[in-house]
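Below: one structure, written as structure tokens.
The values are calculated or read from the model by the stated rules, or taken from the named source; none is laboratory data. These numbers come from a predicted model, not from an experiment. For neighbour counting, all protein chains shown are included, and Cβ atoms are generated from backbone atoms with ideal geometry for every residue, glycine included. Remember, those area values only see protein heavy atoms, side chains included, never the ligands or the DNA or RNA. Shrake-Rupley method; radii C 1.70, N 1.55, O 1.52, S 1.80 Å.
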Amino acid sequence: MISVLVTGSTGFVGSFLTSTFKSDYNLRCYSLQSQSIEELNLSGIEVVLHLAGIAHQLKAVDQKIYYAVNYELTRQLANKAKQKGVGHFIFFSTVKVYGEYTEDREVWSEESECRPLSHYGKSKKMAEDVLLALADESFAVSIVRCPLIYGRFVKGNLKALVSLIRKLPFIVFPNMTPKRGMIHLDNLAAMLRVIIEKSIGGVFLAYDGTDFSTSELLKIIATECGKKIVLFHCPEIFLALFGLVFREYFQRLFKPVKLDNILTVKKLGYLPVITPRKGIKDILEPENR
């Protein structure tokens with residue numbers, strides 16, 4: 001049984017993966033918040049699955065925190081792992097290393113140019129670069145770039161969206177067509193399982209293979225909740241004003257993120273284990289009600 005050290009095991013993704021992997025691997029969990037890297041015991045560890053980090057925040061966060069956690073701690077952890085003979089380091093990154101959203105006709109792939117704009121994206125890209133520089137025949141490095149992640153116990157914007165739909169008698173929302181690529185927790189776990197067991201290094205793009213607009217997501221969730229939804233055409237001027245006042249929310253709701261991970265699929269021989277439509281319904285499982 002492969003021995004895997006997991007950081008960030010108490011987060012949304014980490015708690016799901018440790019529960020999913022507990023019967024497949026010999027797991028050891030490490031908290032960057034309560035333990036120092038100096039006292040970390042890597043004896044017998046074959047793989048480091050580094051999930052811990054500071055995610056993109058809508059509220060103001062000191063930019064230094066992004067670099068201290070996402071870059072510096074990752075660099076220290078990877079250096080120690082290599083020194084102690086760990087053979088494989090898996091880094092949980094983000095599509096934000098490419099930018100905030102795709103421009104007209106643009107599609108992000110594993111080989112797309114990285115142009116991060118946020119401190120979150122920049123700090124993750126810096127970590128990627130230092131990790132790939134450490135990679136060699138004895139130290140495989142896998143970079144997994146993730147878009148929006150959804151599934152059971154979902155948090156953040158999707159959880160807030162479900163809560164809002166449940167409270168309202170009906171939903172009125174602009175009919176928006178820009179679509180965003182996502183990854184379901186089960187599909188992410190299946191992908192990571194292949195990377196771990198085959199010890200494959202490189203840059204990978206996590207993606208379900210199907211995109212949804214915010215309007216389509218609302219339709220599915222509203223239907224499952226037994227709620228009526230009315231979509232209306234919103235004049236461009238009002239959307240532009242909304243974008244000026246609520247820039248972050250506007251980009252998350254109305255800007256496209258188009259992905260193509262055919263290189264990842266071919267390299268891993270991996271296919272999603274759950275369809276996006278069924279996956280979206282997971283958000284409405286009892287634990288999320």
Which one of 119, 144, 134 is farthest out on the positive end of the charge dipole of the range 110-156, using unit charges on Cβ (Lys, Arg +1; Asp, Glu -1) and the Cα centre as origin?
-> 119
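Please go through the range 1-45 and write out the chymotrypsin sites (Phe, Trp or Tyr not before Pro) that DSSP classes as loop and that have at most 16 other C-beta atoms within 10 Å. Present the calculation step by step, with values, prior to reporting the outcome.
Details: sites: 12, 16, 21, 25, 30; in loops: 25.
Filter output for the range 1-45: empty list.
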By how many nm would the segment from residue 172 to residue 197 grow when fully extended, if each residue of separation counts as 0.36 nm and the alpha-carbon distance is taken off?
-> 4.3 nm
Mind giving me the FRET efficiency for residue 65 and residue 224? R0 is 51 Å, r the Cβ-Cβ distance, nearest 0.05 is fine.
-> 0.85
Note: residue 115 to residue 83 extended length (0.36 nm per residue) minus current alpha-carbon separation gives 8.4 nm
To the nearest 10 square angstrom, how much accessible area does residue 277 have with a 1.4 angstrom probe?
-> 140 Å²
Amide H within-cut-off set for residue 229, under 5 Å, with H built and near neighbours excluded | 171
With a point put 7 Å past each Cα toward its Cβ, work out how far residue 10 is from residue 132 in nm, to one decimal.
-> 3.3 nm
From the residues 92, 23, 37, which one has its Cα farthest along the dipole of the range 23-107 in the positive direction, the dipole being from +1 and -1 charges on Cβ of Lys/Arg and Asp/Glu about the Cα centre?
-> 37
Can you tell me how much longer the chain between residue 34 and residue 164 gets when fully stretched, taken as 0.36 nm per residue apart minus their C-alpha distance, in nm with one decimal?
-> 43.3 nm
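List the GluC sites (Glu not before Pro) in the range 38-104 that DSSP assigns to loop (not H, G, I, E or B) and whose Cβ has at most 10 other Cβ atoms within 10 Å. Which are they?
Values: sites: 38, 39, 46, 72, 100, 103; in loops: 38, 39, 46, 100, 103.
Here the GluC sites (Glu not before Pro) that fit, given the DSSP loop and packing criteria, are 38, 39, 103.
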Which cross-chain or sequence-distant (5 or more) residues have an amide H under 5 Å from the amide H of residue 180, H modelled 1.01 Å from N in plane?
-> 212, 213, 257
Rank these residues by their accessible area, most exposed first, probe 1.4 Å: 119, 88.
-> 119, 88
Over the C-alpha atoms of the range 19-124, what are the Rg and the largest Cα-to-Cα span, Dmax, in Å?
-> 16.1, 49
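Between residue 104 and residue 231, what FRET efficiency follows from the Cβ-Cβ distance if R0 is 22 Å, with the result rounded to 0.05? The partial results should precede the final answer.
Numbers: r = 23 Å, r/R0 = 1.04.
Between residue 104 and residue 231 the formula returns 0.45.
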